[in-house]
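Notes follow the structure.
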Amino acid sequence: MSPRLSAQNYKTLKNTVELPHYTPAAHASGIVHLGIGAFHKAHQAVYTDTLLHVAGGDWRIQAVSLRQPTARDQLNPQNGLYTLLTKTDSALHWRIIGAVEAVWVARENPQAVINLLAQPAIKVVTLTITEKGYCQIQGALDLSHPDIQQDLHNPANPTTMPGFIVAACAHRMRNQQPGFTLLSCDNLAHNGRVTRAVILAFAEHIDAALAQWINHNIAFCSSMVDRIVPATTAEDRTAINTYLGLDDHASVVSEPFSQWIIEDNFCNDRPHWELAGALIVKDVTPYENLKLRLLNGGHSLLAYIGFLLGYDFIHQAMGNANLRQLLQLFMDTEVTPVIAAPEGIDMEQYKATICARFANSLVPYKTTQVASDGSQKLPQRWLATAKELIAKQQQPTIIPFALAAWLRYLTGVTESGQAYTVNDPQAEQLTALARAYHPQHAPDIQPLLAATGIFSRELLSQNEFMEGLERWLASIHTQGMEASLGRFLLST
Ligand code: CS2
């Protein structure tokens, strides 16, 4: 077996690999990142790596995994180094990233993570904790969330993002230190605003003076992040290790496309990520709408319908002409009318790029990965669009069809009768209700709709929308997805 990649041997690789153009250990950390996973390693860490190269500075990253020890076990023995393999049709690009200094596991030692966040050298805290990590409902803290309840009763031993941030702020307030900027990088609309709302609400329940300190000393930035980064497979790891001649347990594979739009609202020193290709803007809303609704909305559409058609990967779903046509119609007729292209972005070009990225078979992305956590993703991916379209007196039809596909997906059983796991914070209840539904014997879908928690009263009262959803759900159950999709396209 080859030796493990580390600071001692990364300059002795077998083949050509781009190495950090700086000495990682010569730079101290200025950033804490909560939620290290493949996405962070192929996105924020890469921008930071480029920045360290072009401008230097003490901006390395102390990364935190809230629960699992995997990232720590992969990265710490490698001094934080790992390979990023970027695949395009014409070339493979290999790069060693040196931006991560160390990984911490919050569940194992919450106090160590609070101390880390409280260090004055930490100026920015970035987040990729996934949609459900915010413990929110419609932008407000979900006080009934069991993890939030637990953290409110035991604030010195937190488990959630709000719990950790508020505990660290209490520390900074006591020691009269300045605050940091909290920068959300998750696929939520107004993610900075949502972060602010959950943190302040959590702090209010602990101590009103602390909430006030946070209000004055912590800045909350929204950001839009974009890069398709699948979970790394064992085959990817083996191929990468063969190329390196070293054993890398932490490698990641990514598409070449990358975008990061950051709201300019920092309260302390900040890394000049714009020198590494990020865009710093006054308002990220138009970028966020474009990306969440076209790309993520399109991704989810392909995932649920594609999975029910039997596709394991998004690029395979893109090979189905009917599904491609539906995606195009969704983008053109239901999303485009309610979004405006930000300055410098050509909407038609943007949509064409999305289709090409989805069709990229070099970076296979599982339909089930996108299909996970639908109750957390669909409000900003589909429902916001539907609501705005209806407000413009235009009736969405593709969104109800896609929602029907999601509800069918929640049964956890394929059309040929094979069981699969539904990943969602509310999976147990949703799957039981999705299975209880039957178009003839138990046609009442109200209990299932209510349990999803994503349908507002306003939307539930939209008869045409809800009738479409019910009709197509019945059709998918009785006729199957392929026939239903064909019929749907004929009806449009
Ligand atoms: C995907 C996203 O898994 C998912 O839900 O839609 O992770 C998507 O790949 C990224 O947002 C792309 O930037």
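The values are calculated or read from the model by the stated rules, or taken from the named source; none is laboratory data. Quick caveat, the model's predicted, so the values are computed rather than measured. All Cβ positions, even for glycine, are placed from backbone atoms using ideal geometry, and neighbour counts span all protein chains on display. In case anyone asks, the SASA skips ligands and DNA or RNA and just uses the protein heavy atoms, side chains included. Shrake-Rupley method; radii C 1.70, N 1.55, O 1.52, S 1.80 Å.
Quick notes on this structure:
- With Cα atoms, 0 to 90° folded angle of helix 208-217 axis to the chain main axis: 80 degrees
- DSSP beta bridges confined to segment 51-170 are antiparallel in about 60 percent of cases.
- Electrostatic dipole magnitude of the chain [Cβ: Lys, Arg +1; Asp, Glu -1; Cα centre; debye, to 20]: 500 debye
- F330, F39, ranked by accessible area, largest first (probe 1.4 Å): F39, F330
- DSSP beta bridges confined to the chain are antiparallel in about 35 percent of cases.
- Carbon plus sulfur fraction of accessible area for segment 10-283, probe 1.4 Å, in percent: 50 percent
- Cut-off 17 Å (backbone N to label point 7 Å along Cα→Cβ of T353), residues of segment 226-246: 226-229
- Charge dipole (debye, nearest 20) of segment 286-491; +1 at Cβ of Lys and Arg, -1 at Cβ of Asp and Glu: 160 debye
- Angle between the chain longest axis and helix 297-308 axis [Cα atoms, degrees, rounded to 10]: 60 degrees
- Which of Q68, F39, T16, positive extreme of dipole for segment 1-73 (C-beta unit charges): Q68
- Sites S6 and L275 - FRET efficiency at Förster radius 25 Å, r taken between beta-carbons, to 0.05: 0.35
- Segment 10-283, accessible area per residue, ligands and nucleic acids excluded (1.4 Å, Å²): 39 Å²
- With the simple model of a label 7 Å out from the Cα in the direction of the Cβ, E204 to N463 spans 3.9 nm.
- Extending 7 Å from Cα along the Cβ direction at R324 and again at N215 yields two label points whose distance is 5.4 nm.
- Helix axis angle, 427-436 relative to the chain longest principal axis, alpha carbon, degrees: 10 degrees
- Placing +1 on each Lys and Arg Cβ and -1 on each Asp and Glu Cβ, with no other charges, gives segment 10-283 a dipole about its Cα centre of roughly 360 debye.
- Relative contact order (%) - criterion: Cα under 8 Å, at least six apart; region: the chain: 13 percent
- Extension gain, K14 to Q393: 0.36 nm times the residue separation minus the Cα-Cα distance gives 130.3 nm.
- Taking N as its residue count, the alpha carbon Rg of segment 1-146 over 2.2 N^0.38 Å: 1.13
- Dimensionless Rg over Rh [the chain; C-alpha; Kirkwood]: 0.97
- Ratio of Rg to Rh for segment 286-491: 0.94 [Cα atoms; Kirkwood radius as inverse mean 1/r over pairs].
- Of the peptides 403-409, 278-284, 12-18, the ranking by mean beta-carbon count within 10 Å, highest at the top, reads 403-409, 278-284, 12-18.
- Heavy atoms of the protein chains alone define the surface here; on that basis segment 286-491 has 41 Å² accessible area per residue at 1.4 Å probe size.
- Cα centroid separation, segment 196-267 to segment 465-483 (Å): 37 Å
- Of K132/K282; K14/K291; K14/K351; K11/K351; K366/K392; K41/K123, those spanning more than 30 Å from alpha-carbon to alpha-carbon: K14/K291; K14/K351; K11/K351; K366/K392
- Within the accessible area of segment 286-491 (1.4 Å probe), percent carbon and sulfur: 48 percent
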